[in-house]
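All of the numbers you see were taken from the coordinates with simple rules; none came from a lab. The structure displayed is predicted, hence computed values, not measured ones. In this analysis, Cβ positions are derived from the backbone assuming ideal geometry, glycine residues included, and neighbour counts consider all displayed protein chains.
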Amino acid sequence: MEQIRIKQVDEKKISQYIIKYTMEDWMSIVDSDVVIVGAGPSGMTAAYYLAKAGKKTVIFERRLSFGGGIGGGAMNFHKVVIETPANEIMEEVGVKMKEVEEGVFVVDTAEFMAKLGAAVVDAGAKIIHGVTVDDVIFREDPLRVAGVAVEWTSTQMSGLHVDPLFISAKAVLDATGHDSEIISVAARKLPELNIQIPGEKSAYSEIAEELVVMNSGKVAEGLYSSGMATAEVRGLPRMGPIFGAMLLSGRKVAEDIIHDIR
Ligand code: 48H
Ligand code: FE2
């Protein structure tokens, strides 16, 4: 059998390459156009359209994977439902769909996560895993959100007292899902933003989808919501494992941000 010759790489060189090019990325990330918190379906869809429009976009994701609630499907069944016109977005990123009735499609969760994630990266957005956002930066005159505070998820889990780094952005998108973590912290620590959070309502899929898309957008200057964070912040019903509104709210909020930061 022919021997496979593998290039020999010194350990310290491996370290140097990783440190140098990680820091190069972070030097750019600290001054972003848009920070998206959460790599679930709505955050990734927003990132895809923002990056395609040339905005310097970063997603911070607490976990070491992307997809958010996609992976769990419905009670761990590996399918979710999509409805028109969200199928346009699935087609654009190459996710195969089975049309089960007119305008209603079933998709595989693994393919959904993988292809949406790949589309985000190919469009030029950065996805940084293992980072938790736990606060915002604000400015006065005019009062606005101007970025976020980030910490390693692993450091947070350790309980050690370590201060965060700050990342500035023209727009911050809370795509953290049901808990709406970023808008919640802004509402609590910046009462002058006047944000009231009524909380998500019980399930009513038929009306919830349109309501979530319509109500996704600006919550305060510089601060936006998409996906289930919108349901939490606007007091809208949940819809269960149908994902059209997650995708369409991500696209809608991307359009709003592109308009606002132009
Ligand atoms: C960094 C964070 C932080 C943080 C959270 O939950 P997601 O999938 O969010 P959406 O809104 O795009 O999609 C919601 C959908 O999955 C869902 O749950 C539906 C449709 N439910 C209907 C129903 O009736 O239940 O993703 C949010 C992501 C996750 O990956 C989190 O790990 C991440 O955000 N995240 N990342 N810093 N502070 N908080
Ligand atoms: Fe959910």
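Couple of notes before you dig in:
- Estimated vicinal HN-Hα couplings, Hz - region 234-241 in sequence order (Karplus 6.51, -1.76, 1.60; Gly, Pro = x): 9, x, 9, x, 7, 10, x, x
- Directionally averaged shadow of the chain, computed from the convex hull of its alpha-carbon atoms, nm²: 18.0 nm²
- Cα gyration tensor shape for region 1-156, rounded if a/c is under 1.5, else prolate or oblate: oblate
- The simple Förster model, with R0 at 22 Å and r as the Cβ-Cβ distance, assigns Lys218 and Ile128 a FRET efficiency of 0.35.
- Under-5 Å amide H pairs with Phe138, H placed in peptide plane, nonlocal only: Ala146
- Calculated on alpha-carbon atoms, Rg and Dmax of region 65-169 in Å: 18.5, 54
- Backbone geometry of region 126-132 corresponds, through the Karplus equation with coefficients 6.51, -1.76 and 1.60 at θ = phi - 60°, to 3J(HN,Hα) couplings of 9, 10, 10, 8, x, 10, 10 Hz, x marking Gly and Pro.
- Extension reserve of the Ile207-Ile6 stretch, reckoned as 0.36 nm per residue once the Cα distance is removed: 66.6 nm
- Backbone N within region 146-183 under 19 Å of label point (7 Å from Ala53 Cα along the Cβ vector): 146-147, 169-176
- Computed log₁₀ I(q)/I(0) - Debye formula, equal Cα scatterers, no solvent, region 188-233, q 0.23, 0.28 Å⁻¹: -0.84, -1.09
- Per residue of the chain, the DSSP helices (runs of n ≥ 4 H) give a summed -39500 (n - 2.57) that works out to -12000 deg cm²/dmol at 222 nm.
- Within region 38-66: backbone nitrogen closer than 19 Å to the Val162 label point (7 Å, Cα to C-beta): 60-65
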